[in-house]
């Protein structure tokens, strides 16, 4: 089953749109005033949502359930230094 995340795409698009709009307002490059800001936020929200629905989902490795890592108990102590008892 492929899991899509359109809400993440929407939020990502909103954040990119807001960031770009803020930069345009700060640098005075928004040609149509506040309409440029509104259109950019909506446009990037739509692009983010469309990308979340249309682009291929990333594959994740299959994890077997019910398996635990193998553990080995040792009773002996290992010393690398031959001078230590």
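Quick look at the numbers
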item: Taking the convex hull of Cα positions in region 7-54, its mean projected area over all directions (nm²); result: 2.9
item: Extension gain, residue 53 back to residue 29 (0.36 nm per residue minus Cα-Cα distance, nm); result: 5.5 nm
item: Region 7-54 - percent relative contact order, Cα under 8 Å, separation 6 or more; result: 59
item: Extension gain from residue 43 to residue 14, taking 0.36 nm per residue of separation minus the Cα-Cα distance; result: 9.6 nm
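A short reminder: the numbers here are calculations on the coordinates, not readings from a lab. This is a predicted model, so every value here is computed, not measured.
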